[in-house]
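Since the structure comes first, as structure tokens, the remarks are kept for the end.
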Amino acid sequence: MRREGSAFQGAGAVFIKELSDNISSVRMLMLELLIVLTAMAALYEAIDTLRQNTAEDPFLLLRLFTVSRAPLPSFVAILGFLIPLMAIGLGFDLVNSEHNRRTLSRILAQPIYRDALLLGKYLAGLATIAISLTALWLMVIGLGLIFLGVPPGGEEIARSLAFLVIAIFYAGVWLSLAMLLSIAFRSPATAALVALGIWLFLTVLWPMLAPAFAQMIAPPDPRFAALGLDTPDTAIWTQLLQRFSPNDLFGEAMLAVLSPTTRTLGPVFLDQLRGAVMGAPLPFGESVMIAWPQTVGLIACTIVLFVAGYILFQRQEVRA
Amino acid sequence: MSEQKPEGGAASPDVVIAARDLTRRYGKTSVVDAINFDIAKGEVFGLLGPNGAGKTTTILMMLGLTEISAGRVSVLGFDPARSPLQVKRRVGYLPDAVGFYDHLTAVENLAYVAKLMGLSVAERSQRIVAALTRVRLLDVANKRVATYSRGMRQRLGLAEIIVKRAEIAILDEPTSGLDPQATLEFLDLIRELKAEGVTVLLSSHMLDQVQRVCDRVALFRTGRIVMMGSVAALAVQVLGAGFVVEVEADGAGIARRLAAIPGVSKVETIAEDRFRMTADRDVRPDAARAVVAANGALRRLSVDEPSLEAIYAHYFQTSQSGGVRDAA
């Protein structure tokens, strides 16, 4: 039997209220400051590097995102690390705070479905992150204009826009995860700790553990090692395992979109490169094709986590 | 509960809530166990019982906020499990220990729920001001709710129901934790709602207050309604008789005349001029008439109203020792 009325009735009201809460909150201000300051530092280094060796790079603007100079990582790498923190910061108490404030039963006694509450909150969180990232993106382009003095070409804008969209989906994954945890755990502190644990595991520990697991599954062949090469099986397994981390998917997609010379993200044999003009940039469409599987992976991960949270929330008791 | 025995099938038009064998089970334990009741339009109905007796679960089932394991409930003719939006559009709910968004003002809190109700901007602001005036919060309307006392929060919760123009107001433990003054004010507001024709469903374990506002009460015990009816009717059922009237009067043969009043079951002579009558209704007017008819001098006429507290205590005492177990 179909339920009466729209599942989205009231989602707009929830969205607007949550968005205004998010934007005016001190927590958001702190997260934004953290990201802006770190990103500025990375950008400063990048601009400095680019000015010193003004090569005839057709994609000068994109280099802003990817160039790094020790000790700071590149702008994109910093975002890959900090976007999850921002999403977790916004999402870890989305639902359990309503429980703890005892507002949940009062809100759900209004003529709306639970769907509207969850969706409104989720979209408000995502919109908050999208606004911040767009501001950051505009800032990068603006600084690039001022300090490099080279107007960006159409393709550079298109590629950096692709970066923005993928970054928002990446944030979506972590927001879904944080929301799922905020439904599963009644205490916001527990939800936050678990979310941060998963974040640290996937961004810091997993890239180290994945090669170890790969070597267990497919032990390196001494013949390849003697030649100073990676065993193909081990390399493939390493990459496969690493891709379980959304952080890795984001990194790969960024590599494809922001470095136009990237032709493949996996290991290739030399004979597969026959006829390729090494170092020549790919057209934008081709780069997007390379990044597409990773992007789909991020979107799928977002949806799966959201659905898990949705089901959990629908079955949860309202009373405190 | 004989007189309220609900008739199966079509409910009469003024019944707004009808529950039939309503059951909620968690695993194998029944939190609400096949309860039946009818609530008429405009009545103040009390759900009484110790904590954990199933009052809140019953309320949540009526709002479609928790699943119904068996049986059914109809609220204003709608099935809350099937058309929850229709029910929630017409029913206001003030949860136990209601919470608000502390960083928002009273007006902002109400505006948010009014938006969820789907009211237009003009309608919203007009209804909110009217509701805040009624609950006497208008002068603090633009203060953050974090600064509100418990009583003010409860009144704000009631304002939400007024903004909704609910036909049924469901109040879960609305007066617990309030000081006596705040409680009195809140009970007045409930009476005002009743005067407007709103049906009020009140859950409480504060018997004294329930008695003051409720037309009928249902006594819950481990998921079952063990008694239902007006306070006076319950008193007759549990305490044996409802009213104890004391008469202080001079005159000949007064005791005999008092005993002849219909409804009086017993007349005790405490002193030469003092009599205690036990009756199933308030017989004070008849007693006065009887004394006057006997040319007596009536000095005092007092009544011990049946207290819900006494009923409650008596019932749970006797049922614990296995007495009135089958009263349901």
Within the protein assembly as shown, helix-based [θ] at 222 nm, where runs of 4 or more DSSP H residues each add -39,500 (n - 2.57), nearest 500: -17000 deg cm²/dmol
Karplus-derived 3J(HN,Hα), 6.51/-1.76/1.60, for each residue of region B:195-203, Hz, glycine and proline x: 4, 7, x, 7, 7, 10, 10, 10, 10
Taking the convex hull of Cα positions in chain B, its mean projected area over all directions (nm²): 20.4
Under 16 Å from the residue A:223 label point (7 Å along Cα→beta-carbon), backbone N, region A:240-268: none
Qualifying GluC sites (Glu not before Pro) for region A:1-79 [loop in DSSP, other Cβ within 10 Å: at most 13]: A:4, A:56
Local net charge near residue B:220, Cβ-Cβ under 14 Å (Lys/Arg +1, Asp/Glu -1): +2
Where N is the number of residues in the protein assembly as shown, Cα Rg divided by 2.2 N^0.38 Å: 1.37
Long-range tail of P(r) for chain A (Cα pairs > 30 Å, %): 43
Sorted by Cβ density within 10 Å, fewest first, the residues B:138, B:178: B:138, B:178
Average Cα contact separation per residue, chain B, under 8 Å, 6 or more apart, as relative contact order %: 18
Within region A:162-248, trypsin sites (Lys or Arg not before Pro) in DSSP loop having at most 14 other beta-carbon neighbours inside 10 Å: A:186
Amide proton proximity set for residue B:230, modelled H, under 5 Å, gap of 5+: B:217
Stokes-Einstein diffusion coefficient of region B:1-153, Kirkwood radius over Cα pairs, 4 °C, 1.567 mPa s, in µm²/s: 73
Cα shape, region B:80-183, gyration tensor, a/c 1.5 rule: oblate
DSSP H segments from chain A that extend 27 Å or more along their own axis, Cα-based, with Kyte-Doolittle mean of -0.5 or above: A:26-52, A:114-148, A:154-184, A:284-315
Taking chain A and dividing mean pair separation by its residue count, relative contact order in percent (alpha carbons under 8 Å, at least six apart): 23
Under Karplus coefficients 6.51, -1.76 and 1.60, residue-wise ³J(HN,Hα) of region B:73-84 in Hz, glycine/proline x: 9, 10, 10, 6, x, 9, 8, x, 6, 9, 10, x
Cross-link reach list, lysines versus residue B:266, counting only Cα pairs under 30 Å and skipping chain neighbours closer than eight places: B:5
DSSP-loop chymotrypsin sites (Phe, Trp or Tyr not before Pro) across region A:221-298, with at most 11 other Cβ within 10 angstrom: A:269
Partner aspartates and glutamates for residue B:143 [C-alpha distance under 15 Å; skip if fewer than 8 residues away on the same chain]: B:102, B:108
log10 of Debye I(q)/I(0), alpha-carbon scatterers only, for region B:31-71 at 0.19, 0.23 Å⁻¹: -0.63, -0.91
Antiparallel bridge percentage (DSSP; both residues within the protein assembly as shown; nearest 5): 70
For region B:243-304, the fraction of alpha-carbon pairs in successive 10 Å shells from zero, as %: 27, 65, 9
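A short reminder: the numbers here are calculations on the coordinates, not readings from a lab. Everything numeric here is computed off the predicted structure, so don't read it as measured data. With ideal geometry, Cβ positions are generated from the backbone for all residues, glycine too; neighbour counts draw on all protein chains shown.
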